[in-house]
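A short worksheet on the structure shown next.
The values are calculated or read from the model by the stated rules, or taken from the named source; none is laboratory data. Quick caveat, the model's predicted, so the values are computed rather than measured. Here the Cβ is made from the backbone with ideal geometry for all residues, glycine too, and neighbour counts use every protein chain on show. Quick note on the areas: whole protein, heavy atoms, side chains included, nothing else; ligands and nucleic acids left out. Shrake-Rupley method; radii C 1.70, N 1.55, O 1.52, S 1.80 Å.
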Amino acid sequence: MSLKNTLRRAGAVLLTLCMLLPLSACSDARKSTKAERQTVLSIDGFEVPYEQFRYLVCNYMDKYAEGKTDYWNVETAALAQNEIFDQCFDTLCSQYATLSLCREYGVDTASGAIDELVETLMTGYVAQYADEKAYAAALRESYLNDSVYRFFTTVSVCQQELYYAMLDAGVIEADDEKLYPLLEDDTFIRVKQILIQNDPGEDPDSNRQKAEDLRARAVAGEDFDTLVGKYGEDLYMFQNTDGYYICRGVRYKEFEDAAFSLDVGEISDVIKTPAGYSILLRCEKDPAYIEKNRAELCDDYRDACFSLMLERKAASLTAMPRAPLYDYTLLSIRDDFDK
């Protein structure tokens with residue numbers, strides 16, 4: 001079974017780095033301070049330490065002020081604080097949703113097998129660096145420390161165990177044959193995409209206008225595949241000219257909402273997602289493609305079911321601030337990390 005798509009929906013974009021890179025066991029030199037370990041939130045009975053919240057705040061501050069020089073001051077930070085704190089709460093609920101569901105489905109997140117796999121991943125990562133200082137510097141570039149990195153890696157490992165526990169429990173269908181009818185109905189649709197990415201240093205307004213111009217050309221009758229080939233920045237589309245066969249729960253929500261609102265042959269408005277600006281064309285499904293790729297499409301459906309279960313659990317959770325959190329501001333958290 002595959003979990004390749006789950007991170008698109010179940011985890012925040014800022015956490016992807018933590019999910020993909022392996023780590024190393026924590027030495028005394030890399031232990032968190034008492035202040036970093038202080039509980040500032042509780043989520044479904046789990047205590048959330050300051051260091052996890054700080055990591056998210058610093059990253060969301062960078063994203064919030066992307067492309068703006070000397071943006072943060074007392075006034076702008078005060079205006080943005082509630083929004084950024086809320087984003088941090090939502091992201092943490094998404095992560096702790098995995099641990100909450102593990103508890104429901106009997107996955108022991110502190111088991112020896114999980115600990116052993118986490119340690120193996122961590123050891124492999126640190127081995128890539130010359131010494132402890134180089135390792136710590138690499139983490140620091142993303143506002144991480146060893147403890148936070150270890151937490152997100154543990155969540156990633158637990159997520160895989162949870163997936164198989166749900167298969168065993170029957171809440172995710174394991175039998176391909178029972179899923180085949182879903183491939184034929186509107187549970188799955190086929191779309192093609194023209195993507196204009198928002199790369200670092202680029203002007204988002206200019207990119208959006210480029211996407212709007214391409215959409216106008218497509219609506220006016222220019223060949224969509226030709227526009228994809230000349231102007232699109234989606235590598236998947238270059239390698240898979242059939243486009244995407246998707247169900248809900250696999251792609252970004254904005255992408256899916258637009259795709260499933262289209263009739264066959266209809267072109268979407270310009271859609272903004274974390275990947276950039278997209279124009280979608282809904283296409284007829286090809287029975288030969290479905291027959292050839294049945295197994296992979298069934299895996300995509302299982303991934304989608306898992307992702308949506310994580311989303312529903314996250315939406316049911318509430319981040320409850322503890323008293324120390326009210327002492328922090330965006331600037332004080334950033335200053336604390338920069339010390």
The chain - percent relative contact order, Cα under 8 Å, separation 6 or more: 30 percent
Per-residue ³J(HN,Hα) for region 247-254, Karplus 6.51 cos²θ - 1.76 cosθ + 1.60, θ = phi - 60°, Hz, x for Gly and Pro: 10, 6, x, 9, 9, 4, 4, 4
Identified option (computed Rg/Rh (Cα atoms, Kirkwood Rh); candidates [x] 1.09; [y] 0.99; [z] 0.96): [y]
Loop GluC sites (Glu not before Pro), region 202-243, which have at most 15 other Cβ atoms in a 10 Å radius of their Cβ (DSSP): E202, E222
Under 18 Å from the Cα of K210 - aspartates and glutamates, other chains or at least 8 residues apart: D199, E202, E222, D223, D225, E233, D234, D269
FRET efficiency for T241 and E83, using Cβ-Cβ distance with R0 set to 41 Å, rounded to 0.05: 0.55
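Please list 265-272, 235-242, 97-104 highest first by mean number of surrounding beta-carbon atoms within 10 Å per residue.
Numbers: 265-272: 16.0, 235-242: 11.9, 97-104: 20.4.
Averaged packing, sorted descending, gives the order 97-104, 265-272, 235-242.
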Which of T273, L41, Y96, positive extreme of dipole for the chain (C-beta unit charges): L41
Electrostatic dipole magnitude of region 55-184 [Cβ: Lys, Arg +1; Asp, Glu -1; Cα centre; debye, to 20]: 460 debye
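I'd like the carbon and sulfur percentage of the solvent accessible area for the chain, probe radius 1.4 Å, heavy atoms only, ligands and nucleic acids excluded.
Numbers: 8210 of 16760 Å².
Carbon and sulfur: 49 percent of the exposed surface of the chain.
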Too-long pairs where the Cα-Cα distance tops 21 Å, listed order kept, from K192/K230; K63/K272; K272/K292; K68/K339; K178/K292; K34/K63: K272/K292; K68/K339; K34/K63
Other-chain or far-sequence residues with amide H under 5 Å of G276's (modelled H): N198
Virtual spin-label span in nm between R322 and E173, 7 Å along Cα→Cβ: 4.4 nm
Cα→Cβ-extended label distance, 7 Å offset, between A127 and R103, nm: 3.6 nm
Label point distance in nm, F337-Y71, each placed 7 Å from Cα along Cα→Cβ: 1.4 nm
Among 113-120, 41-48, the order from most to least packed when residues are scored by Cβ within 10 Å on average: 41-48, 113-120
Among C247, C283, C93: highest mean-square fluctuation, GNM of the chain, C-alpha pairs under 10 Å: C283
Region 190-283 - Kirkwood radius from inverse mean 1/r over Cα pairs (Å): 13.2 Å
For R322, residues with placed amide H under 5 Å, excluding near neighbours: L41, S42
